[in-house]
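Written below as structure tokens is the structure these notes are about.
The values are calculated or read from the model by the stated rules, or taken from the named source; none is laboratory data. Please read these numbers as outputs of a predicted model, since none were measured by experiment. Note: ideal-geometry Cβ built from the backbone for every residue, glycine included; neighbour counts use all protein chains shown.
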Amino acid sequence: MNDQVRERHAAQIDGLCALGALVAVMWAVELVNVLDDYRLDRDGIVPRNLSHLDGIAFAPFLHASFSHLLGNTVPLVILGLAIALAGAGRLLLVTLIVALVSGLGVWLTSPSGSVTVGASGVVFGYATYLISRGLFDRRVGEVLLGVVALLLFGGALISDLIPRSGVSWEAHLFGGIGGVLAAAVLERRARERATAGATSLPA
């Protein structure tokens with residue numbers, strides 16, 4: 001096994017560990033939330049309330065019930081695995097961009113008096129990241145992975161954007177936008193690194 005293969009394998013292990021850590025934190029927080037009569041959910045996203053702006057960071061780790069958490073965990077793990085194989089840095093950057101875009105969108109547009117919790121915005125962002133990534137980097141493998149993600153989750157992406165009571169379609173919409181943005185930003189960074197590496201080769 002050469003150094004490049006070892007480095008790629010180590011990066012994949014790190015990515016899977018990072019995904020496992022994110023999921024473990026979600027479940028640990030949910031356990032504490034249950035024991036505290038779900039009072040932690042008050043720290044979710046409260047629209048246009050500056051004192052609750054930090055809810056953008058907390059909301060993906062808070063859920064209204066174990067069934068809500070389980071419903072987000074399954075697709076998050078499936079989609080997250082495909083991203084985590086590119087390394088912990090890639091997974092965490094995608095998660096950060098998606099969570100910020102989704103959370104800020106919810107904070108700006110959700111109905112006054114509502115409180116939004118849950119990782120569904122991140123799930124939508126993971127899905128649209130995978131779907132759009134191949135369009136930016138033009139790699140056949142990633143285009144095919146995007147097609148698979150579209151076939152598996154495309155129906156859910158569309159149906160969950162329909163406004164209905166008790167579901168934050170805003171989190172889904174802006175999470176999806178965040179995923180496309182993450183794909184564009186990270187591909188641009190990859191091109192810049194490749195260009196810098198090519199221009200710095202010794203003569």
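Of note:
- Boolean, residue 149 is among the small types (Gly, Ala, Ser), in contact with a Lys or Arg (Cβ under 9 Å, 6 or more places away or on another chain) and surrounded by 22 or more Cβ atoms within 10 Å (Cβ to Cβ): no
- Within the stretch 104-123, residues that are over 21 Å from residue 153 (Cα atoms) and in contact (Cβ under 8 Å) with a residue 40 or more places away in the chain reach partners that are hydroxyl-bearing (Ser, Thr, Tyr) and surrounded by fewer than 24 Cβ atoms within 10 Å (Cβ to Cβ) with beta carbons closer than 8 Å, at six or more positions or on different chains, in the pairs 116/110.
- Inter-residue pairs, beta-carbon under 9 Å, first free of Cβ contacts under 8 Å to residues at least 60 places away in the same chain and of a type in the set (A, V, I, L, M) and in the stretch 157-185, second crowded, with 19+ Cβ neighbours inside 10 Å and not in a helix (DSSP H, G or I), 6+ apart: 167/160
- Candidate set: the stretch 21-54, residues that are among the acidic types (Asp, Glu) and touching a helix residue (DSSP H, G or I) at 6+ places or on another chain (Cβ under 7 Å); chosen: the one surrounded by the most Cβ atoms within 10 Å (Cβ to Cβ): 30
- Considering 105, 155, 146, the condition of being touching an Asp or Glu at 6+ places or on another chain (Cβ under 9 Å) and either assigned to a helix (DSSP H, G or I) or over 16 Å from residue 58 (Cβ atoms) (or both) is satisfied by 105 alone.
- Some residue of the stretch 129-138 being surrounded by 15 or more Cβ atoms within 10 Å (Cβ to Cβ) and either touching a residue at least 60 places away in the same chain (Cβ under 8 Å) or within 12 Å of the chain's Cα centre (by Cα) (or both): yes
- Residues located in the stretch 50-98, provided they are of a type in the set (Gly, Ala, Ser), outside any helix (DSSP H, G or I) and either at positive phi or free of Cβ contacts under 8 Å to residues at least 60 places away in the same chain (or both): 64, 65, 87
- Condition met for residue 190 (in a helix (DSSP H, G or I), out of contact with any strand residue (DSSP E or B) (no Cβ under 8 Å at 6 or more places or on another chain) and farther than 30 Å from residue 67 by Cα): yes
- Members of the stretch 55-78 found to be under 28 Å from residue 188 (Cα atoms), buried (at least 16 other Cβ atoms within 10 Å of the Cβ) and modelled with pLDDT under 95, listed by number: 75
- Here is the figure for the stretch 158-183: residues that are assigned to a helix (DSSP H, G or I) and of a type outside the set (Gly, Ala, Ser) total 9.
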